[in-house]
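Student: Below is one structure. I have some questions about it.
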Amino acid sequence: MRYFVTGARGQLGVTLVDMLPENSVFAINLPEYDVTDIETMRHAFDGRSVDVVIHCAAYTNVDGCALNPEIANLVNAIGTRNIAYLCAEYGATMVLLSTNEVFDGRKPYSYTERDIPGAINPYGESKLAAERYILDILERYYIVRTSWMYAAGGENFVHTILDLASQGQDIAVVTDELGAPTYAQDLASAIIELVDRAPYGIYHLVNSGNVSRYGFARQVLNLTGYSSLAIKPILLEEYERESCPPRNGILSNWAASSYGITLRPWQTALGEFLTNVT
Ligand SMILES: NC(=O)c1ccc[n+]([C@@H]2O[C@H](COP(=O)([O-])OP(=O)(O)OC[C@H]3O[C@@H](n4cnc5c(N)ncnc54)[C@H](OP(=O)(O)O)[C@@H]3O)[C@@H](O)[C@H]2O)c1
């Protein structure tokens, strides 16, 4: 099996490239390959055989997307459309990485793959547009929604909390945003299993369980010697930022579990990450 990984220098991209056999993967990244430019991307496909494209490249700065919705649309939606056209042309299966932010967060319990999405911010809208391009263009696809991802070296919530703690800064975190923290290592393994043995379709892949942002931050500090450090609990409405996330961003891995693909509890994954990796 020959894989292309886009966004290969991002959190998930690096993890996938490390995990897949070295001679089976072609890593695609800026500045050489810009997903918004289909002719440049065609050079990556020309002359190379590819079975599966794992499309991780995205404009992932959620507040940046709110400030620059046209860039969010260009990179996340049009960039995905370009890759989908090329997958159709070159006969490759496509895996699109998507997000819990395609949902509005008003559901009182977890979202399954059968729930109807409805994004409430420009990042979510651009990723939902990306999903719709895939559904229109391809038959051989996996849409994989995940949430609150972290990896070694990445810009993520875990590192933000640890940076604030190490600098002795005040930490205030929202109590009314819920989700499932997901370790990139566990997600990458699950994606590889999915492509190996599950039928095409839409899947949610997150570490199991869920927590508030506040509870997530508390667990990070408790596991890293900062258990005595206080965190000020705040509400989303008190937190000034450009983008508003869905309050309930909890995904349930309903579809993947029916093919025996399950991810361990988020607390276990986070504990391993903080002990062995960070
Ligand atoms: N992180 C999360 O919590 C989370 C949650 C749900 C879903 N997701 C989705 O999962 C995927 C991977 O997330 P991640 O956290 O690994 O992202 P990331 O660390 O932000 O990496 C994104 C990668 O995309 C590249 N990229 C940006 N614009 C590009 C363009 N025009 N052409 C080619 N490459 C471009 C970036 O390159 P540079 O580094 O050079 O800018 C970077 O390598 C994304 O699709 C994201 O939407 C992430």
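The values are calculated or read from the model by the stated rules, or taken from the named source; none is laboratory data. Quick caveat: nothing in here was measured; it's all calculated off a predicted structure. Here the Cβ positions follow ideal geometry from the backbone for every residue, glycine too, while neighbour counts run over all protein chains shown.
Student: Among the residues of segment 149-182 satisfying the criterion of being touching a residue at least 40 places away in the same chain (Cβ under 8 Å) and touching an Asp or Glu at 6+ places or on another chain (Cβ under 9 Å), which is farthest from the ligand (Cβ to nearest atom)?
Tutor: ALA172
Student: If you take the residues in segment 249-278 that are touching a His at 6+ places or on another chain (Cβ under 9 Å) and in contact (Cβ under 8 Å) with a residue 60 or more places away in the chain, which one is farthest from LEU223 (Cα to Cα)?
Tutor: Out of the qualifying residues, it is ALA255.
Student: Moving on. For segment 180-277, please list each of the helices (runs of 4 or more DSSP H) lying entirely inside it that holds at least 2 residues being surrounded by 22 or more Cβ atoms within 10 Å (Cβ to Cβ) and modelled with pLDDT of 95 or more.
Tutor: 184-197, 213-222, 266-272
Student: Mind checking which residues of segment 37-60 are in a loop (DSSP other than H, G, I, E, B) and surrounded by fewer than 18 Cβ atoms within 10 Å (Cβ to Cβ)?
Tutor: If the condition is that a residue be in a loop (DSSP other than H, G, I, E, B) and surrounded by fewer than 18 Cβ atoms within 10 Å (Cβ to Cβ), then ASP37, ASP46, GLY47, ARG48, SER49, ASP51 are the ones that fit.
Student: While we're looking at this one, here's another question. Within segment 127-148, take every residue that is outside any loop (DSSP other than H, G, I, E, B), more than 15 Å from the chain's Cα centre (by Cα) and not aliphatic (A, V, I, L, M) and give me the one that is farthest from the ligand (Cβ to nearest atom).
Tutor: For segment 127-148, the residue satisfying everything is ASP136.
Student: If you don't mind, there's one more thing I want to ask. Can you tell me how many residues within segment 1-30 are in a helix (DSSP H, G or I), closer than 17 Å to GLY154 by Cα and either in contact (Cβ under 8 Å) with a residue 60 or more places away in the chain or not aliphatic (A, V, I, L, M) (or both)?
Tutor: 8
Student: With respect to ASN82, is the statement that it is within 15 Å of the ligand (Cβ to nearest atom) and within 27 Å of LEU236 (Cα to Cα) true?
Tutor: On the way: within 15 Å of the ligand (Cβ to nearest atom): yes; within 27 Å of LEU236 (Cα to Cα): no.
Criteria not met by ASN82.
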